[in-house]
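Chemist: Can you keep this structure in mind? I'll have questions shortly.
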Amino acid sequence: MNEDKNSLAIALFTEVMATDQLVRARLSRVLPKGMEISHFSVLNHLAWVQDERTPAQLAETFHVTRGAMTNTLGKLEWSGYIHIRPDWDDARRKLVAISPAGRQARDHAVGAVMPVINHMVDKMGAEQVRGALPILREMRIQLGKKS
């Protein structure tokens, strides 16, 4: 019985990891020149939350180190896609917001990515995709819990 459970777990994670690699490769090919998936992810998040975030909050949201997030934010700031300002209430912290140019770049990237995603939904069927979402969401929640 335990062997069946192990085989099931391995099969599940093999599929998730292979899918992740394929999605990243496919999206990387259609994103605007110079934009990486990490850049798109941060811009998309900032556009969605419509509020400022600290670099530490963003690092936690994306489950990356603060150093990795600082690197991504530096590239986004250099491109003019985000504004980083001091936190007036706590001088030790910084706050990050998406700029108008960043919102435009994000919208352009969404336009490039949507045909890829829509094609997959069309091929799989909307009902199958709807059925997969709760499972994937629960996996994300369980994996995101601090142990």
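The values are calculated or read from the model by the stated rules, or taken from the named source; none is laboratory data. Here the structure is a predicted model, which means the values were calculated and not measured. Backbone-built Cβ (ideal geometry, glycine too); neighbour counts: all protein chains shown. Heads up: the accessible areas ignore ligands, DNA and RNA and are worked out on the full protein's heavy atoms, side chains in. Shrake-Rupley method; radii C 1.70, N 1.55, O 1.52, S 1.80 Å.
Chemist: Expressed as an acute angle from 0 to 90° and rounded to the nearest 10, what is the orientation of the C-alpha long axis of helix 100-124 relative to the principal long axis of the chain?
Modeler: 10
Chemist: For the range 7-147, what is Rg from Cα atoms divided by 2.2 N^0.38 Å, rounded to two decimals?
Modeler: Values: Rg = 17.0 Å, N = 141, 2.2 N^0.38 = 14.4 Å.
Its radius of gyration relative to the 2.2 N^0.38 Å reference: 1.18.
Chemist: Using a 1.4 angstrom probe, figure out how much accessible area the chain has per residue, in square angstrom, rounded to the nearest whole.
Modeler: 73
Chemist: For S41 and D122 in one chain, what is 0.36 nm times their gap in residues minus the Cα-Cα distance, to one decimal in nm? Don't jump to the answer; show the numbers that get you there.
Modeler: Working: separation 81, 0.36 × 81 = 29.16 nm, distance 2.34 nm.
Extending this stretch completely gives an extra 26.8 nm.
Chemist: So who's got an amide H within less than 5 Å of the one on K94, skipping anything under 5 residues away but keeping other chains? H placed 1.01 Å off N, in plane.
Modeler: D87
Chemist: Please list, by residue number, every one of the trypsin sites (Lys or Arg not before Pro) in the range 1-53 that is coil in DSSP and has at most 16 other beta-carbon atoms within 10 Å.
Modeler: Qualifying residues, ordered by number: K33.
Chemist: What is the P(r) of the range 60-102, as percent of Cα-Cα pairs per 10 Å bin from 0?
Modeler: Pair shares across the bins are 27, 51, 22.
Chemist: Here's something else I'd like to know. To the nearest 10 square angstrom, what accessible area does I141 show with a 1.4 Å probe?
Modeler: Here the accessible area works out near 70 Å².
Chemist: What is the magnitude of the charge dipole of the chain about its Cα centre, with +1 placed on the Cβ of each Lys and Arg, -1 on the Cβ of each Asp and Glu, and no other charges, expressed in debye to the nearest 20? Before the final figure, lay out each step's value.
Modeler: Working: 20 positive and 16 negative charges, 62 e Å.
Charge dipole, the chain, about its Cα centre: 300 debye, nearest 20.
Chemist: Counting only Cα atoms, I'd like the Rg/Rh figure for the range 17-57, Kirkwood definition for Rh.
Modeler: So for the range 17-57, dividing Rg by the Kirkwood Rh gives 1.06.
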